[in-house]
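Bear in mind that the values in this text are calculations on the coordinates, not laboratory data. This is a predicted model, so every value here is computed, not measured. Here the Cβ positions follow ideal geometry from the backbone for every residue, glycine too, while neighbour counts run over all protein chains shown.
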Amino acid sequence: MVKQKERRPGQKAAGGPATKPRRDAPGKPPARAAQPGKPTLAVRDGGDRTAQARDAAPVSAVIERPLIARTGERPVERVPVILESLGAGDFHLIDMGNGLKLEQYGPYRIVRPEAQALWPPSLPAHVWDNADSVFTGDTDEDGMGRWRFPRQALGETWPLQLLGVDFLGRFTAFRHVGVFPEQIVHWAWMKEQAEAAKRPLKVLNLFGYTGVASLVAAAAGAEVTHVDASKKAIGWARENQALGRMEKLPIRWICEDAMKFILREERRGSKYDIILTDPPKFGRGPNGEVWHLFEHLPSMLDICREILSPQALGLVLTAYSIRASFYSIHELMRETMRGAGGAVESGELVIREAGLDGKTPGRALSTSLFSRWVPK
């Protein structure tokens, strides 16, 4: 079930303070920030957003292109907005506490680090002790680790389903399993837009990872361009497409640096009705291009605006694991979309505990900042 709740000024936000959100953060306070030239842009070594990059020089990923001077009124603002998920399909958050979270992914119950779970767990210890898999090892956000299987050895992959799309879960060395479920709220919104449109929407999925969002959009009738700089991630996405027998869906799989791709699309005059972008803090492209979120995000959004179609339905930005308020990307989005009309809604993505049965609401976990421009 997916809920969308808007919190206005003066209302209590379910996700807590809108600062320092962390995606799959470790079970301890962050010890250090990643440095430019270390983690990768999209080379996720089998599934992580922040896999270690090796032996590459800090070359800017951005080809020099001045920002366009925007005029006109800024879009209406809607803040703060809390987009909340109680889970969907084969995923829900069971419980969390003491720096850990207990999640259901299909048939498996999984324990992973979660630094923001400062409170004690709600469920008794024996429930946690019956988990099928526990991530152990280096719990630093960019560190590698391993999976422990307390009950029986499990295979590397297993089938999952979200929003009617089949895909593979995978136990990666960086604690992730191939899907970031806080994004369910954006995917559900995109699915609704595609199904309601009286034409095939053109969707661009930047930093597309394992392709779940791309498959959701294509299954809903959209024509999708999926961009990721990791050959492994593209390969995994194609596996997911084959698993669901969705090979005939109109998806272009592009293995390329995201900035270079959108710059080329701008020169070509290509246009998209919906753009999803979920960039990392720091990263590296396939040819050594270096991405730094705070330096390059304004350029990326500026180019994205230029490749939005005249009938565009949304530009969606998600930012995780950064030390900032959602207002930082909110105001950037409003400046980027100056003169375009519509509205910019920004806030946090949260996942709410759903209990053992997947239906009992509990505490909320903040996972990411987001900002979304919509035409009305």
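Using θ = phi - 60° and the Karplus form 6.51 cos²θ - 1.76 cosθ + 1.60, what ³J(HN,Hα) does each residue of segment 77-84 get, whole Hz, x for Gly and Pro?
Each residue of segment 77-84 in turn: 10, 10, 8, x, 10, 10, 9, 10 Hz.
Quick one: Karplus J couplings for segment 86-93, per residue in order, coefficients 6.51, -1.76, 1.60, θ = phi - 60°, nearest Hz, x for Gly and Pro?
9, x, 6, x, 8, 10, 7, 8
Fewest to most neighbouring Cβ within 10 Å: what's the order for 144, 337, 246?
144, 246, 337
Using amide H atoms built in the peptide plane, which far-off residues or other-chain residues are under 5 Å from residue 81 H to H?
Amide H to amide H, under 5 Å and 5 or more residues apart or across chains, residue 81 pairs with 7, 346, 347, 348.
Which cross-chain or sequence-distant (5 or more) residues have an amide H under 5 Å from the amide H of residue 314, H modelled 1.01 Å from N in plane?
275
Which residues' amide hydrogens lie under 5 Å from the amide hydrogen of residue 95, considering only partners 5 or more residues apart or on another chain, with H built in the peptide plane?
Result for residue 95 returns 102.
Give a residue-ordered list of calculated ³J(HN,Hα) values for segment 238-255 (Karplus: 6.51 cos²θ - 1.76 cosθ + 1.60, θ = phi - 60°; whole Hz; x for Gly, Pro).
Along segment 238-255, the couplings run 5, 4, 4, 4, 5, 4, x, 6, 10, 4, 7, 5, x, 10, 9, 9, 10, 9 Hz.
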